[in-house]
Every structure is written in structure tokens, then in C-alpha cells.
């Protein structure tokens, strides 16, 4: 029996619509090859163009529109020359917090055939996952500004960390480490922020004995960034707060070949709400409309969406097709090639078809 899944598609701004078009092309093909599921897509014309017409980037009832869906596929948002990022990103933060998408999962893996910016590192040397706490921390809008525009202006931004939030993201990381290489590293900064990250340190220490099969440690975030450059092969699962996870995953994307290859999820593990899947890269207005963006991050995000929806065979087909296309020399400009965005999508579809015969 064919399973029908409701997918909200939010292409967004800049290169978002371009890369999402290729992700949908690949999803359509793998859906036909599998024959066991059907994706019912709802296209959402939100973002900068919506703002030009309505004065806001999403409608007032945007959460009600998204709530009944099984998943959300997002391209990218933002056009800083027109709208402050704080305004375009606000709905995404609201989605993450309202739908309790507390586990932001961002894998960094150097695929065969690609070169890392790190000398001497080969595929297999760079294969780690950052689990970013996605619902609290530094991105809670908790603070304000006093005496705006005067020499005495004061800005206060207070991060919020809860024991419950820290414990559940660490458990998520430990469980993932058990399915990978049994190693977990937690990012901290308790030497400078002793209250917030002192709590993170304490929760790790309390949980670790429950996972004796996972080797765990903690590293100050600045040292962790340095060590990821020096010894990426030593890392497996990294758990970090909202801000630290954001910084670590940008580095992870670069180490594994570039942000054009970096997928991510914003996951509600308990499945009480839809989860959201998006490439790590931004909207890149400087190349929007040129047809040269790398769609692989969006395509791999779609693969992660299928995994989340319990369609592992379809997800693996996509990952294998991406690896095959790269191994055969398919490259967009960011990878040193000449393929346009749509041509890269076509190459991956051809690999799907070849494997499906």
C-alpha cells in the first residue's frame, strides 16, 4: 500500500528556490523508483517576495499551516540588503521552538572523490555529526536595549539553559554515538561562563555512567574548533549549545568540502510536531538567479527527511546517487567543476536511474 506524506516546501529566498527545485526533482524520481510512498507537496510562497506584497515574510497563521504536515523542506531565507536578518530568521526560530525541534543534526562527511581544505585528509578522516541544541541557549529572545542611539546605550542578551534541555540533547547525542563509533564530545565554556556551562558539565558527568559503552569528554569550544582542524578524524558525535553548534557546523561544512554539501535537520524526535530539513548554507543573494549554486546540500537534506519519515531505502538511494555522481566527476563551480545547478540535479537523477535498473 502506498503511503502518502504531507510535505510543506518553503523554498525561501536567494538560491533557496534553485536548490529546492533540484531536491524536488530527485525526490520525485526516487518516489517513482520506490513505489511505496507518495509526497503530497504544499508549496509556500513565503520570504522576501511575500514581504514585498504583505509587509511580513510569513502570514500570521504560518504555524497553523505547517502543523498538520509530516515534514518541512526549507531552502534558505534572507536578503540582508532588503530586510534585516533578524526579521527573516525570526519565523525559523519560532518554528524550531514552537514545534520543539530541539535536535539540530548536522553531519560533516568528506565524500569520496572530493578534497578537503585540510592537507592530507582523506574520505574517512572527516566523518562526524554535530548535534546542536536547537530550542534554547543563546537564541532565546531574552533581553533588550536601553537608551538606544545614545553614547550610554546598553544591550543585554541573556542565554537560557535548562537542565531538561541539556539532558535531552545529550541523551540524543549518546544514543546516536551508540549507532556510530561510540564516542561523544561536548562543547563547553565553563572556564568563562561558569553558571550556564557549569550546568552543561554537571549534566554530562551525571549522564555518562549510563552510557558505559560510549567514551565521552568535554572540550572548551575554542579548543574544540582548533582540534577539529588539527585532528578531525578523532571526532564522532559532538553535542553543543545553540550558538556553539552553529559555529561548529559552519566549520564542519568547510572541512567536508564546502557548505554546498552540508545538510541539516531540525528534529522533534518524539514526532509530536513536524521536523524541518534544510541545507546549512544561506540564501547567497550574490549568486541568486545565476543557476550556479550547488544543490547537493538541499538534496542530502531531503534524504535526511526520508530517513526521518521511516523511508530508509529511498534515503539511501539518494545518498548513493550523490556519491556516485561525485565519483564520476560531476561538479558545480564551488567544487571546481562547470555544472550548473540543474545539471548537477540531472546527474544525480541519472545515477538514481542507473542504480534502479
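For the chain, modelled as a GNM whose springs connect Cα atoms under 10 angstrom apart, the maximal fluctuation among 262, 40, 297 occurs at 40. Of 304, 186, the sequence from fewest to most neighbouring Cβ atoms within 10 angstrom is 304, 186. From largest to smallest, the equivalent ellipsoid semi-axes obtained for segment 46-184 from the alpha-carbon gyration tensor read 33, 21, 20 Å.
For segment 115-255, relative contact order (Cα pairs under 8 Å, six or more residues apart, normalised by length) works out to 38 percent.
By DSSP, the beta bridges lying fully in segment 115-255 are antiparallel in about 30 percent of cases. DSSP bridge analysis restricted to the chain gives an antiparallel fraction near 40%, rounded to the nearest 5. Our estimate of slack between residue 163 and residue 343, defined as 0.36 nm per intervening residue step minus the Cα-Cα distance, is 60.0 nm. Full extension of the chain segment joining residue 355 with residue 222 gains 43.5 nm, where the gain is 0.36 nm per residue of separation less the Cα-Cα distance. Averaging 1/r over every pair of different alpha carbons in segment 173-295 and inverting the result gives a Kirkwood radius of 16.3 Å. Here the contact order of segment 183-272, divided by its residue count and restricted to Cα pairs under 8 Å and six or more residues apart, works out to 35 percent.
The distance linking segment 275-348 with segment 133-153 is 36 Å (Cα centroid to Cα centroid, whole angstrom). For the listed peptides 211-218, 240-247, 269-276, a ranking on the average number of other beta carbons within 10 Å per residue, highest first, reads 240-247, 269-276, 211-218. Dividing the convex hull volume of the alpha-carbon atoms in the chain by its residue count gives 155 Å³ per residue. When Rg and the Kirkwood Rh are both derived from Cα coordinates, the Rg/Rh ratio for segment 115-255 amounts to 1.04. The relative contact order of segment 23-134 comes to 17 percent, based on Cα pairs under 8 Å that sit 6 or more residues apart. Its residues counted as N, segment 196-262 yields a C-alpha radius of gyration over 2.2 N^0.38 Å of 1.22.
Each value in this text was obtained by applying a stated rule to the coordinates, not by laboratory testing. Everything numeric in this text was worked out from a predicted model, so none of it was measured. All Cβ positions, even for glycine, are placed from backbone atoms using ideal geometry, and neighbour counts span all protein chains on display.
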